[in-house]
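The structure appears right after this line, and notes come after that.
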Amino acid sequence: MGEIKVSPDYNWFRSTVPLKKIIVDDDDSKIWSLYDAGPRSIRCPLIFLPPVSGTADVFFRQILALTGWGYRVIALQYPVYWDHLEFCDGFRKLLDHLQLDKVHLFGASLGGFLAQKFAEYTHKSPRVHSLILCNSFSDTSIFNQTWTANSFWLMPAFMLKKIVLGNFSSGPVDPMMADAIDFMVDRLESLGQSELASRLTLNCQNSYVEPHKIRDIPVTIMDVFDQSALSTEAKEEMYKLYPNARRAHLKTGGNFPYLCRSAEVNLYVQIHLLQFHGTKYAAIDPSMVSAEELEVQKGNLSISQEEQ
């Protein structure tokens with residue numbers, strides 16, 4: 001299969017948006033990989049954080065669409081960090097390096113958990129202006145693997161891949177979801193043992209989000225109604241933790257809606273970012289706002305008509 005990998009969109013993305021590699025730690029083996037697209041004049045961009053199996057390019061459909069509307073978008077791939085504090089410290093240094101005071105974060109699964117931890121870590125001197133949490137969680141104990149978290153570093157790559165693949169949908173899925181899963185399996189294959197082991201460690205290390213530290217941050221919770229790796233209990237916990245959050249529900253989309261339901265995901269991202277237009281924390285070029293707002297309203301209308 002591998003339809004996405006050979007699609008014109010993906011090839012256009014790879015040929016037009018350069019992958020940058022940045023080192024901000026004293027340890028020069030810790031390399032951040034990122035795509036930074038859209039107007040550089042924007043000082044509060046939207047940053048995408050991938051799941052355990054993802055690389056920075058899993059968000060290529062968001063980058064292509066949103067930069068077309070005038071947004072500045074950055075998609076990241078983490079270096080090897082073994083605990084949440086180390087990750088947060090590295091991410092803060094990366095934002096300093098990019099000269100970004102505040103950012104909007106979109107986190108998928110593990111990416112969403114790390115986004116919340118970073119917001120919590122910087123709550124005294126806030127660096128996160130808003131959060132979009134896609135299929136995410138607030139407490140690692142939901143995976144019942146906190147006891148194995150300290151041994152992932154010992155496991156060979158094939159075992160780690162098997163653990164991750166165990167969470168991918170195995171039942172019947174529509175062709176777009178099948179393509180998304182194929183693409184994510186391909187991305188997973190590109191990750192080395194230490195990258196995978198460190199991400200699984202971050203995913204399962206005993207930790208939870210302290211909501212009182214980040215309660216003033218605007219949040220959108222994005223989740224799917226069909227099968228995903230997240231339990232209903234984990235979703236309910238997120239709603240409880242963020243009672244004032246906007247909710248963006250997708251009827252279907254599985255674990256990777258940003259790949260197989262990208263039009264809906266992109267629309268929800270735009271709706272989330274609309275509230276910051278006209279402020280210094282807007283992620284969009286001001287000259288693009290009126291046309292973009294119009295399009296979002298049209299899209300919004302068609303979604304609500306579909307639901308009726």
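So if I take the centroid of the Cα atoms in region 200-271 and the same for region 150-199, what is the distance between those two points in Å? One Cα centre to the other: 20 Å. For region 210-261, the relative contact order comes to 48 percent (Cα pairs under 8 Å, sequence separation of at least 6). The trypsin sites (Lys or Arg not before Pro) of region 249-284 meeting both criteria, a DSSP state outside H, G, I, E and B (loop) and at most 16 other C-beta atoms within 10 angstrom of the site's C-beta, are Lys251, Lys280. Ordering Ala178, Ser207, Ser262 by the projection of their Cα atoms onto the charge dipole of the chain, which places +1 on the Cβ of Lys and Arg and -1 on the Cβ of Asp and Glu, puts Ser207 at the extreme positive end. Of all beta bridges that DSSP places with both ends in the chain, some 35 percent have antiparallel geometry. Under the classification rounded if a/c is under 1.5, otherwise prolate if a/b is larger than b/c and oblate if not, where does region 143-228 fall, given a ≥ b ≥ c as square roots of the Cα gyration tensor eigenvalues? Since a/c reaches 1.5 but b/c is at least a/b, the shape of region 143-228 is classed as oblate. The value of relative contact order for the chain, using C-alpha pairs under 8 Å at least six residues apart, is 21 percent. Under the convention that each Lys and Arg Cβ holds +1 and each Asp and Glu Cβ holds -1, the size of the dipole of region 4-307 around its Cα centre is about 420 debye. Between the residues Phe13, Gly112, Ile42, the greatest Cα displacement towards the positive end of the dipole of the chain, with unit charges on the Cβ of Lys, Arg, Asp and Glu, is found for Ile42. Calculated mean residue ellipticity at 222 nm for the chain: -12500 deg cm²/dmol, from DSSP H runs with n ≥ 4 weighted as -39500 (n - 2.57), summed, divided by the residue count and rounded to 500.
Using C-alpha pairs under 8 Å with a sequence gap of at least 6, the mean separation divided by the residue count of region 1-42 gives a relative contact order of 29 percent. Cross-link partners for Lys124 among the lysines, with Cα-Cα distance under 27 Å and sequence neighbours closer than 8 places in the same chain left out: Lys30, Lys93, Lys102, Lys213, Lys240, Lys280.
Using the Cα gyration tensor of region 1-92, with a ≥ b ≥ c the square roots of its eigenvalues, what is the shape: rounded (a/c below 1.5), prolate (a/b larger than b/c) or oblate (neither)? In terms of gyration-tensor shape, oblate. Between the entries [x] 194; [y] 133; [z] 223, the label attached to volume of the Cα convex hull per residue in Å³ calculated for this structure is [y]. Surface composition of region 4-307: carbon and sulfur make up 53 percent of the accessible area, probe 1.4 Å.
With K and R counted +1 and D and E -1, the other residues having a Cβ less than 14 Å from that of Lys235 yield a net charge of -4.
Let me spell out the model: positive unit charges on the Cβ of Lys and Arg, negative unit charges on the Cβ of Asp and Glu, origin at the Cα centre of region 45-146. What dipole size does that give, in debye rounded to 20?
For this selection, approximately 280 debye.
The values are calculated or read from the model by the stated rules, or taken from the named source; none is laboratory data. All values derive from a computational prediction rather than experimental measurement. Every residue, glycine as well, gets a Cβ built from its backbone with ideal geometry; the counts of neighbours run over all protein chains shown. When the accessible area is computed, the model is the full protein with side chains, heavy atoms only, and any ligands, DNA or RNA have been set aside. Shrake-Rupley method; radii C 1.70, N 1.55, O 1.52, S 1.80 Å.
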